[in-house]
Amino acid sequence: MPEESLHDDKAKFLEEKANEIRQDLISMLVEAKSGHSAGPLGMADIFTAMYFHVLNHDPKNPDWPERDRLVLSNGHICPIHYVTLAHAGYFPKEELTTLRKFGARLQGHPHRGSLPGIETTSGPLGSGTSQAAGMALAARMDKKTVRIYCLTSDAEHQAGNTWEGVMFAGKNKLHNLTSIIDRNNIQINGMTEDVMPLEPLKAKYEAFNWHVLEVDGHNFRQIVDAVNEAKAIYEKPTCIIAHTIPGKGVSFMEFDYKWHGIPPKPEEAERALVELRTLGGRIKSEHE
């Protein structure tokens, strides 16, 4: 498992891989005519860092007992999880075109047992933290060195059951648990600080006996360094608040909460793919 900070070649690889993943995400959403856009695009870098650098896992043996566990609490952003799993080798990329289709393994919310690499079933927001805390406690009881990672949305912190899990993990000093919050400031009906303010989010976690770090969720070095610091914290769980841009990489989606729960139309998808392929116009498209 890598412990060092990223060298330039690895950082470049992760950036390029995240861009490929975003492109496949757009293609998958437009094919499905359903699904979430903003959150998945914003979390592409986090997922890329996890599956291509951080996690101790084996795509050829998804149920390997010594694997790290990744729990996706905000299951509605599962399209980015699916694409990343496919790129990591858990299942063929061709299957991405089946998202949300009747009988497909790629359901609208992840379902444990239907697809390799999916650790939990999600639906109602706020349950992931408790699920992950239970896994972390079980791993400690079994004297396993595996680590548990829980990816959460910021808006789900408006739900009380999230804080029950946070309190439980802090009380039990679950140092093998790291929670990563997608702090993108949006939810389905507006900005979080308008709908139900979350700040001071860092201070709240600290009050529940968590070690808290804040990072740029699109900076791979910061992401990896924060995860490595979490491994060195013994007396408490760690929360990484990752500040992200919803719709990252697609200019007309960025920071627009209206893209929270809708897919792009074909013409919008084409615009999005051109932007991603050209890095926002910084390089020439091969189609030009």
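Go over the candidates 114, 34 one by one and state the one that is at negative phi, surrounded by fewer than 17 Cβ atoms within 10 Å (Cβ to Cβ) and in contact (Cβ under 8 Å) with a residue 60 or more places away in the chain. Reasoning before the result, please.
On the way: 114 fails: in contact (Cβ under 8 Å) with a residue 60 or more places away in the chain.
Checking each option against the conditions leaves just 34.
Could you tell me which of the residues 241, 233 is of a type outside the set (Asp, Glu), under 25 Å from residue 179 (Cβ atoms) and surrounded by fewer than 17 Cβ atoms within 10 Å (Cβ to Cβ)? Can you show your working first?
Values: 241 fails: surrounded by fewer than 17 Cβ atoms within 10 Å (Cβ to Cβ).
Selected residue: 233, the only one of 241, 233 that is of a type outside the set (Asp, Glu), under 25 Å from residue 179 (Cβ atoms) and surrounded by fewer than 17 Cβ atoms within 10 Å (Cβ to Cβ).
Would you check which residues across segment 66-90 are without any contact (Cβ under 8 Å) to a residue 60 or more places away in the chain and of a type outside the set (Val, Ile, Thr) and list them? First the steps, then the outcome.
Applying the first criterion (without any contact (Cβ under 8 Å) to a residue 60 or more places away in the chain) to segment 66-90 yields 75, 78-82, 85, 88-90.
Listed by number, the residues that qualify are 75, 78, 79, 81, 82, 85, 88, 89, 90.
For segment 185-212, a residue qualifies if it is out of contact with any Cys (no Cβ under 7 Å at 6 or more places or on another chain) and assigned to a loop (DSSP other than H, G, I, E, B), and the qualifying residues are 185, 188, 189, 196, 197, 198, 199, 200, 208, 209. Filtered by the rule that a residue be without any contact (Cβ under 8 Å) to a residue 24 or more places away in the chain and part of a strand (DSSP E or B), segment 213-249 gives no residues. Could you list, in sequence order, all residues of segment 90-105 that are closer than 21 Å to residue 46 by Cα and either touching a Lys or Arg at 6+ places or on another chain (Cβ under 7 Å) or among the aromatic types (Phe, Trp, Tyr) (or both)? Within segment 90-105, 90, 91 meet the criteria. Picking from 82, 51, which residue would you name as being in a helix (DSSP H, G or I) and surrounded by fewer than 24 Cβ atoms within 10 Å (Cβ to Cβ)? Matching residue, one of 82, 51: 51. State whether one or more residues within segment 152-163 are of a type in the set (A, V, I, L, M), out of contact with any strand residue (DSSP E or B) (no Cβ under 9 Å at 6 or more places or on another chain) and in a loop (DSSP other than H, G, I, E, B). Within segment 152-163, one or more residues are of a type in the set (A, V, I, L, M), out of contact with any strand residue (DSSP E or B) (no Cβ under 9 Å at 6 or more places or on another chain) and in a loop (DSSP other than H, G, I, E, B). From the list 59, 110, the one residue that fits, being part of a loop (DSSP other than H, G, I, E, B) and modelled with pLDDT of 95 or more, is 59. The residues of segment 85-107 that are buried (at least 24 other Cβ atoms within 10 Å of the Cβ) and not in a loop (DSSP other than H, G, I, E, B) amount to a single one, 85. Of all the numbered requirements in (1) over 22 Å from the mean Cα position of the chain (by Cα); (2) without any contact (Cβ under 8 Å) to a residue 24 or more places away in the chain, residue 209 misses one, and that requirement is (2).
The values are calculated or read from the model by the stated rules, or taken from the named source; none is laboratory data. Everything numeric here is computed off the predicted structure, so don't read it as measured data. FYI the Cβ positions are ideal-geometry reconstructions off the backbone, even for glycines, and counts take in every protein chain you see.
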